[in-house]
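This report refers to the structure that appears directly beneath it.
None of the figures in this text is laboratory data; all of them are computed from the coordinates on show. Just so you know, these numbers come straight off a predicted model, no measurement behind them. Neighbour counts are summed over all protein chains in view; Cβ atoms, including those assigned to glycine, are modelled from backbone coordinates with ideal geometry.
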């Protein structure tokens, strides 16, 4: 009897190992296909969860009326309007954390919206809330990163600025997001989205400037064309990388590479 049971037990052991291996393989595949979120992408998700777009408009791009305010609407984060209210990156943090930067609170006698006290400004229907009680420091940093991406906030070298203008002209930000920092959904792509030009997902797609130039000029790279699995996903995804070889103006390729290198910090 003992000898007859051994094959059965051995078979069950092999089956168990196979089940564990399959589960591990599925878990690994899911892990590999999960987007590696950058601070900007985490900030975008957080802003949506906190209701920021209810006042600042879709993606922070404005359009929400606010009677009695100077602009008659809540300031958008893009287009330069918000710069009237922000003099430094620290003030971006103060707006989010306290509902008002110290500079304006001091101007009005130290009575800030974030302190829960009335101030000397007109009572606007929509007021900036203070999020200090609901955000961690990391989440605050993510929101600041997202705001800076949408607002195009901060200095930029001239060669990179030329690349930014070229990306605007060519429509790159429509897929890769403001400044190339946010991306967009892309069904049937390996990770389900078009990656921004910063972060681990972009680093896997673009190993060096030669590959970056090939992506821009031809919409594909040799490394992926030679890999059957990579080629399957790049050809199956709904939104493919366009080829710009015939539409680039003189100097735009170098300018784009300079800007993307600065953004990606590869």
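Can you compute the FRET efficiency between residue 123 and residue 103 using 1/(1 + (r/R0)^6), with r the Cβ-Cβ distance and R0 = 22 Å? Round to the nearest 0.05. After rounding to 0.05, the efficiency reads 0.55. Note on 56, 232: ascending count of other Cβ atoms within 10 Å places them as 232, 56, the fewest first. In a fully extended conformation the segment linking residue 134 and residue 34 would gain 33.3 nm over its present Cα-Cα distance, using 0.36 nm per residue.
Put in order of Cβ neighbour count within 10 Å, fewest first, the listed residues 152, 209 become 209, 152.
Segment residue 246..residue 230, full-extension length gain: 3.2 nm, with 0.36 nm per residue of separation and the alpha-carbon distance subtracted. The label point for residue 188 and the one for residue 72, both projected 7 Å from the Cα toward the Cβ, are 4.6 nm apart.
The relative contact order of the range 39-151, computed from alpha carbon pairs under 8 Å that lie at least 6 residues apart in sequence, is 34 percent. Compared with the alpha-carbon gap, the fully stretched path from residue 156 to residue 64 is longer by 30.1 nm at 0.36 nm per residue.
Residues 61, 123 in ascending order of nearby Cβ atoms (within 10 Å, fewest first): 123, 61.
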